[in-house]
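What follows is a set of notes on a single structure, which appears directly below.
Just so you know, all these numbers are worked out from the coordinates, no wet-lab data involved. This structure is a prediction, so every number in the text was calculated from the model and none was measured. A quick note on method: Cβ atoms are made from the backbone with ideal geometry, for glycine too, and the neighbour counts reach across all protein chains shown.
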Amino acid sequence: LETALISNRFKTFATTECRGSSTLYEHFSEQIATDDELLQLASYVRPGQPVPNLFFGAVHYLLLKGSNHELREYYRSIVSKPRDFTTAFPYFRDFCLKYSHEIIQILKNKLVQTNEVGRCSYLYPAFCYIYEKIKRPLALIEIGTSSGLQLLWDKYCYSYNSNEEVYGEALSDLIIKSEMKGVRPPVILKQSPQVTSRIGIDLHINDLYNPDDYLWLKSLIWPEHTQRISSFESASKCLKLQPLELIEGDGVKLLTEIALKIPQDSVICVFHTHVANQMPEESKYELLERIKIIGQERDIFHLYNNMWDLGLIHLEYYLGGKAYSETLAETDGHGRWFKWKG
Ligand SMILES: C[S@@+](CC[C@H](N)C(=O)[O-])C[C@H]1O[C@@H](n2cnc3c(N)ncnc32)[C@H](O)[C@@H]1O
């Protein structure tokens with residue numbers, strides 16, 4: 001990639017993604033955009049990858065891994081009282097040049113692949129809604145599972161609108177808090193619906209049992225987002241207690257074969273969040289066609305977002321061969337709030 005193009009990406013990233021979310025990354029992005037040496041370094045990112053996310057992820061990864069440099073004093077994920085961000089850039093620059101070899105290796109080899117467990121805040125009521133409709137155990141198939149954390153939505157505890165009342169797995173290590181907006185709240189079951197199987201598919205699986213994958217996923221969370229980091233850590237602990245079947249491959253192509261393995265007493269629930277926007281158009285149509293064909297033989301639900309629009313959770317399903325379609329909720333990208341429409 002040309003450095004002029006990368007410079008523009010950092011400028012846009014500063015205003016559209018960082019502002020209001022990370023003052024540190026906003027400040028760094030503005031400075032990097034005019035720094036030829038750092039732009040040169042960032043140009044090692046593989047084509048198709050979001051450059052700023054990968055670049056910042058690489059630096060964060062090396063710091064979390066223990067690189068001993070004063071830059072760490074500016075990261076809220078590492079020190080409890082970070083120094084004033086306005087003095088951070090010279091340290092950031094020095095770090096990048098000192099560790100340029102390590103950074104290039106990361107940029108060439110790693111992918112931006114988050115796994116946002118906060119999104120379970122709206123998946124939980126959505127699955128309750130499905131369960132209330134069908135009253136049969138759920139067999140989960142997640143496309144774009146990353147490391148599988150959302151396959152465990154029934155193992156987490158939920159609290160809405162700062163209420164004392166909790167839902168799901170009350171004793172879970174992870175409490176997911178979210179704001180529920182709108183005048184027609186969903187029916188949220190106190191106890192998690194029964195889940196009989198969990199299968200996750202991804203083009204590249206992140207294995208949280210592998211310390212390097214674990215650290216990489218953590219590094220992709222921005223340093224100020226300490227709540228997201230601690231949710232990730234707690235969810236990872238839950239994952240280690242729970243058997244998951246994670247399969248590497250194209251979730252669209254593998255779907256039919258995987259669905260065939262699901263016992264008839266469970267209802268198939270295919271779901272994916274923030275995945276369909278990465279699929280080519282023909283894959284989206286192929287996915288819907290495959291679900292329709294399965295739906296002629298048995299009941300199936302399909303819960304997803306970001307296919308034809310952004311920020312809306314859709315539910316399509318076939319019951320007794322008949323097709324239904326609903327929009328369940330409007331949501332924040334990280335699940336911090338959602339507005340139920342179902
Ligand atoms: C932005 S991440 C979202 C991960 C997770 N669903 C979440 O919400 O945290 C998108 C994931 O979808 C995966 N992906 C994209 N297209 C896919 C496909 N056709 N089959 C399987 N995985 C896919 C990517 O590899 C990546 O891990």
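As a footprinting exposure proxy, order ASP299, ASP332, ASP309, ASP94 by other Cβ within 10 Å, with the fewest listed first. Could the numbers behind the result be given before it?
Details: ASP299 20, ASP332 17, ASP309 10, ASP94 13.
Least to most surrounded, the residues fall as ASP309, ASP94, ASP332, ASP299.
Over the chain, what is the percentage of antiparallel beta bridges among all DSSP beta bridges, to the nearest 5? Each step should come with its number before you reach the end.
On the way: 18 of 45 bridges.
In the chain, approximately 40 percent of DSSP beta bridges are antiparallel ones.
Sort out the exposed loop trypsin sites (Lys or Arg not before Pro) in the chain (DSSP loop, at most 11 other Cβ within 10 Å) and tell me the longest stretch that has none. Can you show the working numbers first?
Details: sites that count: LYS135, LYS190, LYS261.
Within the chain, the longest run free of exposed trypsin sites (Lys or Arg not before Pro) spans 1-134.
Please state the shape class of the range 228-282: rounded when a/c is under 1.5, otherwise prolate if a/b exceeds b/c and oblate if not, all from the C-alpha gyration tensor.
Details: a/c = 2.41, a/b = 1.29, b/c = 1.87.
Taking the square roots of the gyration eigenvalues as a ≥ b ≥ c, the range 228-282 is oblate.
FRET efficiency for ARG136 and ASP36, Cβ-Cβ distance as r, R0 = 51 Å, nearest 0.05?
Details: r = 61 Å, r/R0 = 1.19.
Efficiency at R0 = 51 Å is approximately 0.25.
Could you work out the relative contact order of the range 94-225, using alpha carbon pairs under 8 angstrom and six or more residues apart, expressed as a whole percent? Let's see the in-between values first.
Numbers: 176 pairs, mean separation 38.3, N = 132.
Relative contact order of the range 94-225: 29 percent.
Based on other C-beta atoms within 10 Å, arrange HIS101, HIS225 from fewest to most.
Values: HIS101 7, HIS225 17.
Least to most surrounded, the residues fall as HIS101, HIS225.
Between beta-carbons, use under 11 Å as the cut-off and find the net charge around GLU179, counting Lys and Arg +1, Asp and Glu -1.
Numbers: positive: LYS177, LYS181, ARG336, LYS339; negative: ASP332.
Summing Lys and Arg as +1 and Asp and Glu as -1 gives +3.
In the neighborhood of LEU24, defined by Cβ-to-Cβ distances under 9 Å, what is the net charge if each Lys or Arg adds +1 and each Asp or Glu adds -1?
-1
GLU282 to LEU5: FRET efficiency via 1/(1 + (r/R0)^6), r the Cβ-Cβ distance, R0 30 Å, to the nearest 0.05? The partial results should precede the final answer.
Numbers: r = 28 Å, r/R0 = 0.93.
With a Förster radius of 30 Å, E is 0.60.
May I ask for the longest run of the chain untouched by GluC sites (Glu not before Pro) that are loop-located per DSSP and have at most 14 neighbouring C-beta atoms (other than their own) within 10 Å?
Numbers: sites that count: GLU2, GLU164, GLU165.
Longest run free of exposed loop sites: 166-342.
For the chain, what relative contact order do you get, as a whole percent, if you take Cα pairs closer than 8 Å and at least 6 residues apart? Walk me through the numbers before you get to the answer.
On the way: 610 pairs, mean separation 57.5, N = 342.
It comes to 17 percent, rounded to a whole number.
Just to confirm a number: summing +1 for Lys and Arg and -1 for Asp and Glu over residues other than HIS204 whose beta-carbon lies under 12 angstrom from that of HIS204, what do you get?
Working: positive: LYS110; negative: ASP202, ASP207, ASP213, GLU248, ASP250.
Once all neighbours under 12 Å are counted, the net charge is -4.
Over the residues of the chain, compute the C-alpha Rg and express it relative to 2.2 N^0.38 Å.
Values: Rg = 21.1 Å, N = 342, 2.2 N^0.38 = 20.2 Å.
Scaled against compact globular proteins, the figure is 1.04.
Can you give the extra length, in nm with one decimal, that the chain gains between ASN109 and THR16 once fully stretched, where that is 0.36 nm per residue apart less the Cα-Cα distance? Spell out each step's value before the answer.
On the way: separation 93, 0.36 × 93 = 33.48 nm, distance 2.65 nm.
This chain segment gains 30.8 nm when fully extended.
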